[in-house]
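What follows is a single structure, written as structure tokens, with notes after it.
The values are calculated or read from the model by the stated rules, or taken from the named source; none is laboratory data. Bear in mind that the values here come from a model prediction, so they are computed numbers and not experimental data. Here Cβ is always computed from backbone atoms with ideal geometry, including for glycine, and neighbour counts include all displayed protein chains. For the accessible areas, the whole protein counts, side chains as well, though only heavy atoms, and no ligand, DNA or RNA atoms are used. Shrake-Rupley method; radii C 1.70, N 1.55, O 1.52, S 1.80 Å.
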Amino acid sequence: MKKLSFFLLLLLAATAAVRGDDGAYIGVNIGTAMSSVPAPSQITTLLRSQNIRHIRLYDADQAMLSALANTGIRVIVSVPNDQLLGIGQSNATAARWVARNVAAHFPLVNITAIAVGSEVLSTLPNAAPLLMPAVRYLQNALVAAALDRYIKVSTPHSSSIILDSFPPSQAFFNRSLDPVLVPLLKFLQSTGAPLMLNVYPYYDYMRSNGVIPLDYALFRPLPPNKEAVDANTLLHYTNVFDAVVDAAYFAMAYLNVTNVPVMVTETGWPHKGDASAEPDANADNADTYNSNLIRHVMNVTGTPKHPGVAVPTYIYELYDEDTRPGTASEKYWGLFDMNGVPAYALHLTGSGVLLANDTTNQTYCVARDGADEKMLQAALDWACGPGKVDCSVLTQGQPCYDPDTVQDHATYAFNAYYHGMGMGSGTCYFSGVAVITTTDPSHGPCVYSGKNGSALLNGTSLAPSSNSTASGSGRTFGDVSSFVRSVVTALLLSVVVLL
């Protein structure tokens, strides 16, 4: 389940290029309620190997932000709920928070938004009066630092603040929250920030006592007579996710707000739970939900109310969090365990370059579209040399010679190296010119590693796979580092030749 394309990481000191792409994308949340939290460098290595371009942090950890510098990954930083009191009571405190956690890192860290608290209105109602002051003070600090053009301020809400959510056309926000929500929506409208919403079809399904069908929660195809129909609009709903998002749109319209986009800041499905109390928290359902979710979002399907309108979405979450309290399933929402091993395999074949943690030989490493040709050539030379890829099939007359382009030859070599190294973390990076895909690049007689399980590397001393012991795992990163040095050398030589 894991891949999203990575970027080109030239940071121009200013500019809208830093801000990031709007539209359809999948991001991930990164929680840290773990008995052994991976080091920031390990987290960024996993993100880059998976080409995850959008993340949400639940704080603004300095070490994590430093590790994200120069990666191009788009970051939502958060004000934890326990810091809301100080920021909501003091403009100066908000200014210091922005100076330390945003201005000090931008633009090397591509911060795109500040999430103020988490589900404050539903989990900390006594703090609700502080929410809008905190939002405004942080916005003031961004304006003072000339960063408001690049960074938006919003606050994530539980979907439980929407009442009478089906049919969506009848939805409205809890009226007791109007003193906060009305000015918040006006603020979002004036700044172009999204309404951040946490959408959990798993909980909706579990709490419905059988009223919501499992297939409807999981995005599985439904026959027309099983689709939910909004009698007021005659819109057909085939999944819970769309119905909740549209309920938010209708609830905003009820307050005369029609131009604030919805961003889903959390959604997902647990892959494990108590077998008797939570039988539907399992790997098959987690795979089904997240795989279908990714296709749905990336295809810009939109919702019945707003077809073709992108709904940026963040999967909950990157890692399992084994110290989270609550039911058994609370610990098992991650795409990976704390060691970076996939919790289960997503099935995204045909979805192209996308979150793809499928470790069943269903993923491929290919040259990135638009990558610099000199970088690709240097990477190809390294893979066929120090990388020990058997590139004899790329010579004239051999099955993978055509198409005779640097990109196609690099794709073959990158993929052979990736599979030969056990698809380990960081083995499909090549200094940013490679990306993982679920689309098989094999063509004609040229069969790529992964299609038949082959891994064409010369020699017998291969770097360990991602599940090897720690004592041997340094080999992979050593090889990648030597590759980076090779690329730098090649580029310097090309500069000398040009001179």
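Would you point out the residue of the range 161-190, among those that are assigned to a helix (DSSP H, G or I) and among the β-branched types (Val, Ile, Thr), that is surrounded by the most Cβ atoms within 10 Å (Cβ to Cβ)?
If we filter the range 161-190 for residues that are assigned to a helix (DSSP H, G or I), which is where we start, we get 161, 168-170, 175-190.
Now narrow it down to the ones that are among the β-branched types (Val, Ile, Thr): 161, 180, 182.
Values: 161: 19, 180: 21, 182: 15.
Applying the filter and picking the extreme gives 180.
Residue check: residue 193 meets all listed conditions (1) surrounded by 17 or more Cβ atoms within 10 Å (Cβ to Cβ); (2) over 25 Å from the mean Cα position of the chain (by Cα); (3) assigned to a loop (DSSP other than H, G, I, E, B) but one, namely (2).
Show the residue pairs that are 6+ apart or on different chains and have beta-carbon atoms under 8 Å apart, the first residue being within the range 386-405 and closer than 17 Å to residue 442 by Cα and assigned to a loop (DSSP other than H, G, I, E, B), the second being among the β-branched types (Val, Ile, Thr) and modelled with pLDDT of 90 or more. Close Cβ pairs satisfying both conditions: 399/393; 400/393; 401/393; 401/395.
For residue 148, the conditions (1) open to solvent by less than 60 Å² (accessible area, probe 1.4 Å); (2) assigned to a helix (DSSP H, G or I); (3) among the charged types (D, E, K, R) all hold with the exception of (2).
State the number of residues belonging to the range 64-83 that are β-branched (Val, Ile, Thr), without any contact (Cβ under 8 Å) to a residue 60 or more places away in the chain and either touching a Phe, Trp or Tyr at 6+ places or on another chain (Cβ under 8 Å) or closer than 7 Å to residue 109 by Cα (or both).
Keep residues of the range 64-83 that are β-branched (Val, Ile, Thr), which gives 71, 73, 75-77, 79.
Keeping just the survivors that are without any contact (Cβ under 8 Å) to a residue 60 or more places away in the chain gives 75, 77, 79.
If we keep only those that are either touching a Phe, Trp or Tyr at 6+ places or on another chain (Cβ under 8 Å) or closer than 7 Å to residue 109 by Cα (or both) too, we end up with 79.
Going through the range 64-83 one residue at a time, the tally reaches 1.
Scan the range 426-444 for residues that are small (Gly, Ala, Ser) and surrounded by 24 or more Cβ atoms within 10 Å (Cβ to Cβ) and the total you get is 1.
Condition check ((1) of a type in the set (A, V, I, L, M, F, W, C); (2) touching a residue at least 24 places away in the same chain (Cβ under 8 Å)) across all residues:
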{"position": "255", "(1), (2)": "yes, yes"}
{"position": "271", "(1), (2)": "no, yes"}
{"position": "275", "(1), (2)": "yes, no"}
{"position": "298", "(1), (2)": "yes, yes"}
{"position": "307", "(1), (2)": "no, no"}
{"position": "310", "(1), (2)": "yes, yes"}
{"position": "317", "(1), (2)": "no, yes"}
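Note on the range 290-328: among residues that are of a type in the set (Gly, Ala, Ser) and assigned to a loop (DSSP other than H, G, I, E, B), the one that is surrounded by the most Cβ atoms within 10 Å (Cβ to Cβ) is 310.
Scanning the range 221-252 for residues that are modelled with pLDDT of 90 or more, touching a helix residue (DSSP H, G or I) at 6+ places or on another chain (Cβ under 9 Å) and open to solvent by 40 Å² or more (accessible area, probe 1.4 Å) yields 231, 232, 233, 235, 236, 238.
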